[in-house]
Amino acid sequence: MSTQTSPTPEHAASEHTASKHVTHWIGGKPFAGEAERRGDIHEPSTGRVSGTVDFASPAEVDAAVAAARAAFPAWRDASLAARTRVLFRFRELVDAHRDELARLISSEHGKVVSDAAGEVARGLEVVEFACGIPHLLKGGFSENVSTRVDAYSILQPLGVVAGVTPFNFPAMVPMWMFPVAIACGNTFVLKPSEKDPSASVRLAELWAEAGLPDGVFNVLHGDRVAVDGLLHHPDVRAVSFVGSTPIARYVYETAARNGKRVQALGGAKNHMVVLPDADLDLAADAAVSAGFGSAGERCMAISVVVAVDPVGDELVAKIRERVAKLTVGPGDDPASDMGPLVTREHRDRVASYLDSGVAQGATLVVDGRETPVRGGRGEGFWLGPTVLDHVTPEMDAYRDEIFGPVLSVVRAGSYEAAMELLAANPYGNGTAIFTNDGGAARRFQNEVEVGMVGINVPIPVPMAYYSFGGWKDSLFGDSHAHGMEGVHFYTRTKAVTARWLDPSHGGVHLGFPTNG
Ligand code: NAD
């Protein structure tokens, strides 16, 4: 049974016969299972259905978790040297297959190949971080905490851990999670987005080639049934989630209710504040790059430019000039700056904000519905870069996470007014300030309630050895992804107090242990 509704006649005309079939990866090999339900995979630049993906049933969730559970004891006890050898080999293989992975991502997601290669590179950095796991897992040791008594701490893996990931980074976001989890000695079940599932299976094949024992890394495809199965499974010890805020909240509450450790990263509405002293050419470059890269389908995309008086008109003119030079076209065409959106439904939803924005009083400076598409518009899920000016906080275009190529410009009378806007926004993923005033930048970094801050850097994605995560409705839980927070999330600490007995330790003492 396909979960997809029947195509409309005009849509059907552009669809070819499905050519690939993506199935689960369980216990070190493809796992066909029952496949009672399937979803369609689209090629966003043509609109055609390029394949189908199996959706897991509860029995298949059980099979994936059972494989991970069976693999855990041996992997937990594998030496750090053995684990890191596999990680280094995996690093080399992902590096060698960068281009292939990027093309695979582009074909299902729509983003341009160079951008997809960028996400593979950023994911690879987390693998490289995880290659240092012997150093990262060192506990503490204190000699003689009491007379001839030593105390030390050890970091141990949790067991089976699960990751649930969004469509917009089908390689990078899973790679925020599983390299660190696996390096720490856990076994992993990944439930990637059903919209672009192939990259995760290719990564599973590369793990196998790297020598990872069967069952340590499993991929389970599907929808809510698969996710719910993981959230309720007694053998799943921790859940990492990245996706939209309503689902992040649901995953956080459900997993926590079931006694699991959980980190759930949600949606975003990232503001870029441009102060009057900023270099407006550089600010306009940054706003356009960060607003329209990956067609705005990035959780760190800039979706709101806050122009502090009096720079609004000049900044918008410079943004408009740059947008006019962008080339929209298929992701595999090297001339394209920006590809299509991920699905027809998402494109239509994003486009609806153009009408609602204008109806609610915004000015449509650039209308992406009119953007020419290189190679023809066809049935692809196209929407060109769009700029809405004079947006205000009451408008839907401001309140909702649009997650597409729509850049809103809000005018603010002062730095303080800009800060009030950010403080009132429920999201707190990323933000940026553009200024040449070090004092203003320092004040912003100190005051703003956002997890990731850029100073003249529009997309401040932390390096692998720092941790990625927002504040407020952009993250539920208290651990950010990768870096040391990732290591702590995927381990639990044991504190040991030891003494090796000799006659001086004799005698019965009922008092609470104190040091002496
Ligand atoms: P989504 O929330 O629709 O889906 C994310 C995952 O949850 C997918 O694997 C999906 O299959 C699953 N899912 C969907 N509905 C579910 C339900 N009702 N119950 C259980 N599971 C469900 O998100 P998306 O559309 O794939 O991705 C875009 C969103 O992800 C945006 O909101 C974006 O901001 C966010 N995102 C956030 C970050 C971050 O670091 N904070 C990073 C990337 C993307």
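For the reader, a short list of remarks on this structure follows.
- Centroid-to-centroid separation of the stretch 157-216 and the stretch 366-397 [C-alpha atoms, Å]: 34 Å
- When the Cα convex hull of the stretch 366-449 is projected onto planes of every orientation, the mean area is 7.4 nm².
- Those trypsin sites (Lys or Arg not before Pro) in the stretch 135-196 that DSSP places in a loop and that have at most 16 other beta carbons within 10 Å: 138, 148
- Average Cα contact separation per residue, the stretch 270-455, under 8 Å, 6 or more apart, as relative contact order %: 28 percent
- The chain: angle of helix 344-359 to the longest principal axis, Cα-based, in degrees nearest 10: 60 degrees
- Scaled against 2.2 N^0.38 Å for its residue count N, the alpha carbon radius of gyration of the stretch 174-305 is 1.32.
- With 23 Å as the limit on Cα-Cα distance, the pairs of 111/325; 138/472; 138/191; 29/260; 191/494; 111/191 that go past it are 138/472; 138/191; 29/260; 191/494.
- Look at where the Cα atoms of the stretch 305-334 and of the stretch 20-65 average out, and the two centres are 39 Å apart.
- Volume in Å³ per residue [convex hull over Cα atoms, computed for the stretch 84-131]: 55 Å³
- The alpha carbons of the stretch 400-498 occupy a box of 63, 33, 22 Å along the principal axes, longest dimension given first.
- Segment residue 494..residue 370, full-extension length gain: 38.6 nm, with 0.36 nm per residue of separation and the alpha-carbon distance subtracted.
- Whole-number D in µm² s⁻¹ for the stretch 270-455, Kirkwood Cα-pair radius fed into Stokes-Einstein, 25 °C, 0.890 mPa s: 149 µm²/s
- Alpha-carbon centroids, the stretch 115-154 and the stretch 411-458: separation in whole Å: 33 Å
- Convex hull of Cα atoms in the stretch 119-185, direction-averaged projection (nm²): 5.6 nm²
- For the chain, calculated [θ]222 nm from helices alone, where every DSSP H run of n ≥ 4 adds -39500 (n - 2.57): -11500 deg cm²/dmol
- Shape descriptor for the chain: Rg over Rh equals 1.02 (Cα atoms; Rh from the Kirkwood inverse mean 1/r).
- Selection from 227, 507, 461 lying farthest towards where the dipole of the chain points positive, charges on Cβ: 507
- The chain: angle of helix 172-183 to the longest principal axis, Cα-based, in degrees nearest 10: 10 degrees
- Degrees separating the helix 415-424 axis from the principal Cα axis of the chain, which is the longest one: 60 degrees
Computed from the coordinates by the stated procedures, all read-outs in this text should not be read as laboratory data. The structure displayed is predicted, hence computed values, not measured ones. Cβ coordinates were reconstructed from backbone atoms using ideal geometry, including for glycine residues, and neighbour counts include every protein chain displayed.
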